[in-house]
Each structure stands twice: as C-alpha cells, then as structure tokens.
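Each remark here refers to the structure printed beneath this line.
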Amino acid sequence: MFDIKWIRNNAEAFDGAMSRRKGEFARSVDLLNIDDRRRDIITRLNDAQEKRNALSKQIGQAKAQKDEAKAAALMAEVAQLKEIIPAAEAEERLVEEELHAALAVLPNLVFDDVPQGTDESDNVEYFGRNGTAETVASDRARKPEFSFAPREHFDVGVAKRGMDFEEAAKISGSRFVVLKGEVARLERALGQFMLDIHTLEHGYTEVQPPLLVRDEALFGTNQLPKFEEDLFFAGHGEGRLALIPTAEVPLTNLVRDAILTEGELPLRFAALTPCFRSEAGSAGRDTRGMLRQHQFNKVEMVSITTPDGSLDEHERMLGCAEAVLKKLGLHYRVMDLCTGDIGFGAKRTYDLEVWLPGQDTYREISSVSICGDFQARRMNAQYRPSGAEKVKGGLPFVHTLNGSGTAVGRCLIAVLENYQQEDGSVAIPAALQPYMGGLTSIGGDH
C-alpha cells in the first residue's frame with residue numbers, strides 16, 4: 001500500500017518502478033488526479049467550516065447588540081452552509097474510497113537489482129551473497145542416481161497404497177487426496193520435523209493461529225482485494241470469514257495496529273497449518289498427484305523487523321528454509337525471481353526448487369519473500385525507535401518477511417521420489433527416522 005504523498009514527491013521513480021512489473025497499473029498522473037480532486041474538496045470543506053465558525057461568532061455578537069435583522073441574515077447564511085458541508089463531506093468520502101481502491105491494487109515496488117523478465121524462464125539462479133556455483137554444489141546433496149527408471153510420486157509402490165485420489169474425489173471433488181497408513185505417517189512426521197527445526201534451532205516462536213480470518217487480515221497481507229477468487233469463504237456479507245491460503249496471513253497480522261519497540265524486534269513466528277486455495281487460473285496444470293491441491297499442509301515462517309535489519313533477515317530466512325532440505329538430503333536450487341514472476345507483495349523473492357527425479361525437473365517447494373513496509377502500511381504496524389520520544393513525520397513502519405519452511409505435501413513428494421527403491425518401498429532419510437519411530441523404510445520389510 002502506497003502513501004499518495006510519496007507518489008506525489010516521487011512520481012517519476014514510481015512510474016519507472018511500476019513499468020518493471022508484469023501487467024498494467026495506474027500511472028502517477030491518474031492517481032494524483034484523484035488526489036487533486038480530494039484535496040480540492042478538503043479545501044472547499046475547510047473553507048466552508050471556517051466560514052460557518054466565523055458566522056456563528058458574528059451571530060453571537062449581533063444578538064449581544066440586539067441587532068436581530070443582522071443576526072437573522074447571518075443565521076440564514078449558516079443554514080445554507082449546514083446544507084453544503086454534509087454534501088461536501090459525503091463527496092470527500094467517495095473520493096477517499098476511490099483513491100484507496102486505486103492504491104490497494106498496486107503491487108509492491110521490487111528492488112532495483114531484481115532480474116528483469118516476463119515469466120519463470122527469466123528467473124536467475126542465486127548462489128548467496130558471496131557464494132558461487134561450486135561452493136553451493138559442495139554444500140548441497142547431489143541428484144540421486146537410480147539403477148531403474150524413477151517413478152513419479154503417485155506411482156511409487158507405497159504411495160499407490162497410501163495415496164488415494166479417487167476416494168478424495170468422492171468426498172470433496174478434484175485436487176484433494178486421502179493419505180493412509182505409512183504415507184500419512186510420513187507426511188505428519190515431515191511437518192513435525194520442520195516445525196522442530198525452526199523453533200528449536202532457528203529461534204522461531206511456535207504459533208497455532210486461527211484458520212479462519214477476516215477480510216481486514218487478508219487485506220493486510222495483500223490477498224484482498226486482488227486475489228479474492230483464490231480464496232474459500234465461509235459465510236457472506238460483512239461477517240464472512242476466509243480459510244487461510246497460508247499461515248502468513250494470521251502470523252503477520254499478529255502485529256496489526258501495533259506499536260512495537262525497537263528492542264522487541266525482530267519477531268519470528270512459525271506455524272504448521274492446513275492451507276486452502278481455490279487454484280483459480282490453474283485449470284489443467286498439475287492435475288495428477290499432489291503438486292497442486294485445494295488443501296495442503298505447510299510450515300510458514302514470518303519475521304517482523306526494523307527496516308535496517310530486513311535484508312539480513314531475508315538471507316537468514318532463506319537459510320532456515322534451506323536447512324530443511326539439507327537435513328533431508330534433498331537436492332535443490334535457489335532462484336531469484338524476475339519481475340514477471342515475483343509475487344504481488346514482494347520486493348524480492350527467492351524460490352527453493354527441489355529436484356523431483358520422477359518428473360526429471362525442479363519444482364518449487366518454498367518461497368521466501370521480503371515485503372519491506374508494504375504490508376505494514378496496510379496493517380498499520382509501526383515501531384518506536386530506541387531512545388526516540390518523538391519521531392518527525394510519525395513513527396516508522398516495520399518490515400515484514402515470510403517464507404515457507406517448507407510445503408509439507410511437496411516435501412512428501414520429494415522424499416517419495418528421491419528415496420524410492422526399485423521394489424516400491426521408500427527409504428526414510430536419517431534425520432526423519434526419529435519421527436517415524438525408528439523406521440528406516442516404508443512399504444517393504446522393515
């Protein structure tokens with residue numbers, strides 16, 4: 001969400017930054033035209049109110065002087081103003097709503113060094129601030145080698161028995177799955193494993209948030225108004241609630257309308273929750289298997305920082321997500337998303353893409369984004385700098401970051417495909433075995 005004053009003072013920079021984004025967005029001149037109308041109404045309204053106040057004083061003076069004729073004439077003028085002022089106030093509200101609606105659908109401004117591009121084919125592999133392809137390769141698991149043709153996750157023997165899409169379709173329709181037995185246990189173990197890493201090793205505070213949220217919360221994390229069709233709603237009208245598309249929504253909104261102290265920051269939250277998405281616009285994509293579901297589990301990380309700390313926090317959060325894949329021995333790469341692929345609220349996004357041998361390709365398993373103060377402005381989340389009694393121009397907004405650490409269902413897919421055996425069983429990664437009661441494999445003789 002943008003401050004129209006900033007756009008007025010930085011019109012050229014605003015237009016240049018918006019031109020890098022994929023899509024057509026309002027130019028500064030259009031926004032400023034709305035704001036000019038608003039300012040004109042405010043000026044007329046203030047003039048009318050000042051005139052009314054002045055006339056009221058004159059009425060008192062006329063009555064004190066027993067000049068009833070003058071008092072009556074002045075009262076007639078005040079009566080006219082009392083009709084004009086409410087109409088001007090209503091007009092101001094309408095133009096305020098028009099300006100707010102125009103600003104609400106504008107995406108965040110990306111950093112200047114975000115790769116320029118039109119779609120995911122223009123994303124650039126990222127090796128860290130000081131890394132190289134060689135150092136990264138030595139730090140990550142390599143692609144697995146197979147003596148047989150690796151299968152996709154839904155064709156792995158144990159998954160065929162424990163992953164039922166037909167039963168799910170009878171209950172709920174397409175893009176749902178019923179997990180059973182050892183596969184269900186493996187999915188549950190992955191979620192607990194991830195949450196333990198982030199809370200016990202990375203310092204995130206575990207949260208169990210509501211799964212139903214209000215429109216205001218969705219607006220704060222920029223799901224509304226632009227992405228309403230991607231949501232599932234319960235109820236109608238003002239009292240409606242939405243199923244969360246990601247735990248980013250409730251976790252980030254924990255600081256909604258808050259004034260934090262600098263000493264409290266950074267705040268780091270993590271949650272393992274179901275997520276619900278309508279997958280609008282993805283008809284025909286990933287229709288087989290678990291890659292794109294209406295309901296899935298995910299471990300989400302959210303950080304709230306000062307502006308000075310957000311860039312380092314972004315790199316730290318990336319490392320937290322990477323740690324999950326490293327401990328599981330999964331090969332992956334990190335992509336710096338280009339301007340045509342980056343999300344609506346992000347200034348920069350790193351995607352972790354895990355190797356899926358059954359598909360013979362990389363697939364996204366985590367997105368780690370820095371949003372700057374974009375969401376904080378929508379939520380009115382501020383902080384008080386240390387030692388500052390008053391801050392010129394008002395308190396600064398916090399910076400928000402979010403990242404999946406990681407998508408549990410997609411991690412299940414990755415384990416099934418990367419650790420599959422020729423007999424249809426699946427070896428359990430060493431780090432996950434304590435969460436599986438010591439099992440070293442599923443789907444075969446243990």
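For the range 143-158, a tally of residues being charged (D, E, K, R), in contact with a strand residue (DSSP E or B) (Cβ under 7 Å, 6 or more places away or on another chain) and surrounded by 15 or more Cβ atoms within 10 Å (Cβ to Cβ) returns 1. When the range 380-434 is filtered for residues that are of a type in the set (S, T, Y) and under 15 Å from G329 (Cβ atoms), the ones remaining, listed by number, are T406, Y419.
Checking each residue in the range 419-431 for being outside any loop (DSSP other than H, G, I, E, B) and within 16 Å of V156 (Cβ to Cβ) picks out Q420, V426, A427.
When D47, D35, D15 are screened for being exposed (fewer than 14 other Cβ atoms within 10 Å of the Cβ) and in a helix (DSSP H, G or I), only D47 passes.
Within the bounds of the range 231-247, is there any residue that is surrounded by 20 or more Cβ atoms within 10 Å (Cβ to Cβ), assigned by TED's automatic domain parsing to the domain that holds R363 and out of contact with any strand residue (DSSP E or B) (no Cβ under 7 Å at 6 or more places or on another chain)? There is no residue in the range 231-247 that is surrounded by 20 or more Cβ atoms within 10 Å (Cβ to Cβ), assigned by TED's automatic domain parsing to the domain that holds R363 and out of contact with any strand residue (DSSP E or B) (no Cβ under 7 Å at 6 or more places or on another chain).
Is there a residue being touching an Asp or Glu at 6+ places or on another chain (Cβ under 7 Å), at pLDDT 95 or above and not aromatic (F, W, Y) anywhere in the range 314-333? So far as the range 314-333 goes, yes, one or more of its residues are touching an Asp or Glu at 6+ places or on another chain (Cβ under 7 Å), at pLDDT 95 or above and not aromatic (F, W, Y).
Just the residues that are among the acidic types (D, E) and either in contact with a helix residue (DSSP H, G or I) (Cβ under 8 Å, 6 or more places away or on another chain) or in a helix (DSSP H, G or I) (or both), please, taken from the range 133-190. Residues satisfying the conditions are E134, D139, E152, D155, E166, E167, E182, E187.
Just a yes or no: is a residue in the range 428-443 among the hydroxyl-bearing types (S, T, Y), touching a helix residue (DSSP H, G or I) at 6+ places or on another chain (Cβ under 8 Å) and surrounded by fewer than 22 Cβ atoms within 10 Å (Cβ to Cβ)? I'd like the intermediate steps shown before the answer.
Quick first cut of the range 428-443, residues among the hydroxyl-bearing types (S, T, Y) only: 435, 440-441.
Now drop any that are not touching a helix residue (DSSP H, G or I) at 6+ places or on another chain (Cβ under 8 Å), which leaves 435, 440.
Now narrow it down to the ones that are surrounded by fewer than 22 Cβ atoms within 10 Å (Cβ to Cβ): 435, 440.
Within the range 428-443, one or more residues are among the hydroxyl-bearing types (S, T, Y), touching a helix residue (DSSP H, G or I) at 6+ places or on another chain (Cβ under 8 Å) and surrounded by fewer than 22 Cβ atoms within 10 Å (Cβ to Cβ).
Please specify each residue of the range 73-84 satisfying the condition of being surrounded by 13 or more Cβ atoms within 10 Å (Cβ to Cβ) and farther than 16 Å from D47 by Cβ. Across the range 73-84, the qualifying residues are A73, L74, M75.
So which strands (runs of 3 or more DSSP E) stay within the range 238-316 end to end and still have 2 or more residues that are under 25 Å from S174 (Cα atoms)?
241-243, 267-276, 295-305
Residues that are in a loop (DSSP other than H, G, I, E, B) and touching a Phe, Trp or Tyr at 6+ places or on another chain (Cβ under 9 Å) occur at least once in the range 377-386.
Yes/no per residue for (1) at pLDDT 95 or above; (2) not small (G, A, S):
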{"residue": "G387", "(1), (2)": "no, no"}
{"residue": "V391", "(1), (2)": "no, yes"}
{"residue": "P396", "(1), (2)": "yes, yes"}
{"residue": "T400", "(1), (2)": "yes, yes"}
{"residue": "G403", "(1), (2)": "yes, no"}
{"residue": "R410", "(1), (2)": "yes, yes"}
{"residue": "I413", "(1), (2)": "yes, yes"}
{"residue": "V426", "(1), (2)": "yes, yes"}
{"residue": "P429", "(1), (2)": "yes, yes"}
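Yes/no per residue for (1) over 25 Å from Q375 (Cα atoms); (2) of a type in the set (A, V, I, L, M, F, W, C):
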| residue | (1), (2) |
| --- | --- |
| R21 | no, no |
| R39 | yes, no |
| T43 | yes, no |
| D47 | yes, no |
| I85 | yes, yes |
| E96 | no, no |
| L99 | no, yes |
| F111 | no, yes |
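Considering the range 50-82, and only residues there that are of a type in the set (K, R) and assigned to a helix (DSSP H, G or I), the residue that is farthest from V95 (Cα to Cα) turns out to be K63. In the set (1) closer than 22 Å to S303 by Cβ; (2) of a type in the set (V, I, T); (3) modelled with pLDDT under 95, the condition left unmet by I370 is number (3). When T349 is tested against (1) among the polar types (S, T, N, Q); (2) out of contact with any Cys (no Cβ under 9 Å at 6 or more places or on another chain); (3) in contact (Cβ under 8 Å) with a residue 40 or more places away in the chain, only condition (3) is not met.
Would you check if G405 is closer than 18 Å to M317 by Cα, among the small types (G, A, S) and outside any helix (DSSP H, G or I)? It is true that G405 is closer than 18 Å to M317 by Cα, among the small types (G, A, S) and outside any helix (DSSP H, G or I).
In the set (1) on the phi < 0 side of the Ramachandran plot; (2) loosely packed, with under 15 Cβ neighbours inside 10 Å; (3) at pLDDT 95 or above, G181 fails one condition alone, (1).
Condition (residue is in contact with a strand residue (DSSP E or B) (Cβ under 9 Å, 6 or more places away or on another chain), under 19 Å from E264 (Cα atoms) and surrounded by 24 or more Cβ atoms within 10 Å (Cβ to Cβ)) applied to the range 348-369: is it met by at least one residue? Looking for residues that are in contact with a strand residue (DSSP E or B) (Cβ under 9 Å, 6 or more places away or on another chain), under 19 Å from E264 (Cα atoms) and surrounded by 24 or more Cβ atoms within 10 Å (Cβ to Cβ), one finds none in the range 348-369, hence no.
Within the range 4-18, the set of residues being touching a residue at least 24 places away in the same chain (Cβ under 8 Å) and among the charged types (D, E, K, R) comprises just one member, R8.
Give the number of residues within the range 83-118 that are in contact (Cβ under 8 Å) with a residue 60 or more places away in the chain, of a type in the set (A, V, I, L, M) and either more than 11 Å from R38 (Cα to Cα) or outside any helix (DSSP H, G or I) (or both). Can you show your working first?
Filtering the range 83-118 for residues in contact (Cβ under 8 Å) with a residue 60 or more places away in the chain gives 95, 98-99, 101-111, 114-118.
Add one more test, that the residue is of a type in the set (A, V, I, L, M), and what stays is 95, 99, 101-106, 109-110, 114.
Now narrow it down to the ones that are either more than 11 Å from R38 (Cα to Cα) or outside any helix (DSSP H, G or I) (or both): 101-106, 109-110, 114.
Here the count works out to 9.
The values are calculated or read from the model by the stated rules, or taken from the named source; none is laboratory data. The structure presented is a predicted model; accordingly, all values stated were derived computationally and were not measured. All Cβ positions, glycine included, derive from the backbone under ideal geometry; neighbour counts span all protein chains shown.
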